[in-house]
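Asker: Just dropping this structure here.
What follows is calculated from the coordinates using simple rules that are stated; it is not laboratory data. From a predicted model like this one, the values you see are computed outputs, not experimental measurements. All Cβ positions, even for glycine, are placed from backbone atoms using ideal geometry, and neighbour counts span all protein chains on display.
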Amino acid sequence: MLPVLTQTELAQQALSLKPYLPLVFLFVLELGFAVLSVLLGPLVGPSRYNKAKLEAYECGIEPSPQPLVGGGRMPVAYYITAMLFMLFDIEMVFLYPFAVNADALGVFGLVEILLFIATVGFAYAYVWRRGGLDWN
């Protein structure tokens, strides 16, 4: 059987959820904007198509007449570039919490962030030495 809550207990629970109200409002606002953008895009945007716009775009690589599945192959450099971007971009995102709490972390935080930056630097040097940053 479920416990019956009194008015004061219900009020306390409502007050404990009150700080989350702006977050819920922001989520609903973002969801509404996304849905509105998807629905209004085709209606408001230009609809002049030509042959170049209807072709597949492969990040600067000439599109092949054969489909990628079973036919042509994408160069491996494309995937390496994408993976490197993701690797270093995600690692740099971890610097933001340190920047916010740098004073509170003190010397321990400074040593930890220096070790983190050294690790990222070693990865960058390794990729550079192996030729992963050559765009030829």
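Asker: Ordered by residue, what ³J(HN,Hα) values in Hz, to whole numbers, does the range 36-47 give under the Karplus form 6.51 cos²θ - 1.76 cosθ + 1.60, where θ = phi - 60° and Gly and Pro are x?
Answerer: 4, 5, 5, 6, 8, x, x, 6, 8, x, x, 10
Asker: Give me the net charge for the shell around Ala99: Cβ to Cβ below 15 angstrom, other residues only, Lys and Arg +1, Asp and Glu -1.
Answerer: Values: positive: none; negative: Glu91, Asp103, Glu112.
Counting the neighbours of Ala99, the net charge comes to -3.
Asker: Apply the Karplus parameterisation 6.51 cos²θ - 1.76 cosθ + 1.60, with θ equal to phi minus 60°, to every residue of the range 22-34 and state each ³J(HN,Hα) to the nearest whole Hz, in sequence, with x for glycine and proline.
Answerer: These are the phi-based 3J(HN,Hα) values: x, 5, 5, 4, 5, 4, 5, 4, 5, 4, x, 5, 5 Hz.
Asker: Would you calculate the separation in nanometres between label points at Val35 and Leu17, each defined as 7 Å from the Cα along the Cα-to-beta-carbon direction?
Answerer: The answer from the label model is 2.0 nm.
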